[in-house]
1. Going by the conditions given, is residue 379 surrounded by 14 or more Cβ atoms within 10 Å (Cβ to Cβ) and either without any contact (Cβ under 8 Å) to a residue 12 or more places away in the chain or within 22 Å of residue 309 (Cβ to Cβ) (or both)?
2. Do you know which residues across region 113-126 are surrounded by fewer than 12 Cβ atoms within 10 Å (Cβ to Cβ) and touching a strand residue (DSSP E or B) at 6+ places or on another chain (Cβ under 9 Å)?
3. Any residue at all in region 90-97 that is under 23 Å from residue 154 (Cα atoms), assigned to a strand (DSSP E or B) and touching a residue at least 24 places away in the same chain (Cβ under 8 Å)?
4. Under 7 Å between Cβ atoms, which residue pairs at least 6 apart in sequence (or on different chains) link something in region 199-218 that is over 13 Å from residue 231 (Cα atoms) with a partner that is in a loop (DSSP other than H, G, I, E, B) and modelled with pLDDT under 80?
5. Tally the residues that are more than 60 Å from the chain's Cα centre (by Cα) and surrounded by 15 or more Cβ atoms within 10 Å (Cβ to Cβ), restricting the search to region 34-48.
6. Among 110, 106, which is crowded, with 17+ Cβ neighbours inside 10 Å and in contact with a strand residue (DSSP E or B) (Cβ under 7 Å, 6 or more places away or on another chain)?
7. For region 129-136, indicate whether the set of residues that are touching a helix residue (DSSP H, G or I) at 6+ places or on another chain (Cβ under 8 Å), assigned by TED's automatic domain parsing to the domain that holds residue 62 and free of Cβ contacts under 8 Å to residues at least 24 places away in the same chain is non-empty.
């Protein structure tokens with residue numbers, strides 16, 4: 001199986017190679033076309049220059065053959081074969097007659113050069129005739145022949161070879177550079193992925209202490225790294241809560257079982273008499289165990305996906321009024337004042353389960369509000385939702401507890417929870433009930449100032 005790093009390098013190199021080849025092909029075509037246009041222009045300039053030079057060799061009705069010979073040889077060097085005739089058609093100077101072998105060698109060389117640049121083009125010998133004028137007087141005719149439609153001399157071939165060599169060198173350097181960039185890029189991508197893979201392996205082994213740095217310059221990778229860290233933190237907290245649950249439930253079970261066992265053993269050994277007081281003490285411990293088991297059963301029920309709601313049109317105000325009456329005795333015992341700000345709100349809800357949620361929240365408020373404190377219950381609504389607020393001025397919580405408060409078995413203070421008889425499932429059950437209705441449960445709290453739980457329930461949840 002190929003490694004991600006090698007695959008990224010390979011893909012990047014192949015992509016770069018394809019781009020470079022395509023660029024070279026297009027560049028070569030464009031350069032060749034422009035170069036051919038340049039050659040055509042150069043040939044026309046050479047022909048015009050030769051005609052002008054030949055015209056200058058005619059003076060006082062005579063041709064200067066020596067100068068014509070020089071012009072003819074120079075034309076041959078530039079790939080042109082000339083023949084000069086007077087007005088009567090008499091040949092004054094002819095490169096084919098004077099330098100026939102040189103002409104043939106030049107044509108062969110031009111054909112060879114054409115094959116080096118345009119191998120698919122077939123050269124044909126082209127001969128063009130032009131009038132020679134001296135001022136306004138017609139003094140003869142010049143025929144200029146060459147390997148057409150265009151030809152390349154040795155300097156043109158050298159230029160083109162140098163250009164192709166430059167393109168090849170640039171291409172090779174570009175490929176090397178692309179491979180280097182590919183290596184750096186793949187390392188930048190693969191390293192954090194390998195780190196994430198290593199981290200997830202450690203998490204699977206139960207090692208949650210290895211954290212990755214969330215400072216990658218690639219947004220998506222950085223989000224993945226941060227998500228893995230959050231997952232590790234969450235699993236670590238769940239593991240701690242699981243251990244705490246095991247410890248706390250063991251304690252909750254061990255204490256009453258030990259008490260019951262010792263008392264029954266004493267009764268069997270007739271150390272104690274089976275008085276009503278001792279039997280009531282045994283019964284209270286059994287009831288304590290029963291409450292614990294019931295709490296666990298309720299959590300299993302409300303935390304499942306198969307929670308069934310039996311909804312009906314209910315006035316939430318009447319539910320709250322009835323429940324507050326049930327808690328008046330507990331509030332009175334602690335001298336806690338309960339204030340209600342209620343309006344009639346009709347909603348399609350499961351009455352019993354919403355009652356259970358409000359009971360859990362109101363019970364907590366009374367438990368954790370100091371004697372002489374106050375609890376305020378409010379109910380209002382808008383077009384879509386009903387809002388129930390249960391606010392107290394009790395002991396409150398520190399902010400770092402708020403994100404975990406609804407997790408199963410989470411307790412702000414384990415020792416305090418045991419004193420109040422809780423196992424840390426009430427708020428979990430409450431939130432599950434509200435979310436099953438399509439709503440939400442929020443909390444606001446400050447240490448030593450109190451807490452506020454806000455229930456949001458859709459009025460017409462399906």
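The values are calculated or read from the model by the stated rules, or taken from the named source; none is laboratory data. Since this is a predicted model, take the numbers as computed values, not measurements. Cβ sites come from the backbone with ideal geometry, for glycine too, and all protein chains shown count toward neighbours.
1. So residue 379 passes the test.
2. 124
3. Checked against the condition, which is being under 23 Å from residue 154 (Cα atoms), assigned to a strand (DSSP E or B) and touching a residue at least 24 places away in the same chain (Cβ under 8 Å), region 90-97 yields no hits at all.
4. none
5. 2
6. None of the others qualify; the one that does is 110.
7. No - not one qualifying residue is present in region 129-136.
Listed here are the residues, each with its yes/no results for (1) in the same structural domain as residue 296 (by TED's automatic domain parsing); (2) not in a helix (DSSP H, G or I).
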residue: 200; (1), (2): no, no
residue: 216; (1), (2): yes, yes
residue: 221; (1), (2): yes, no
residue: 224; (1), (2): yes, no
residue: 233; (1), (2): yes, no
residue: 236; (1), (2): yes, no
residue: 239; (1), (2): yes, no
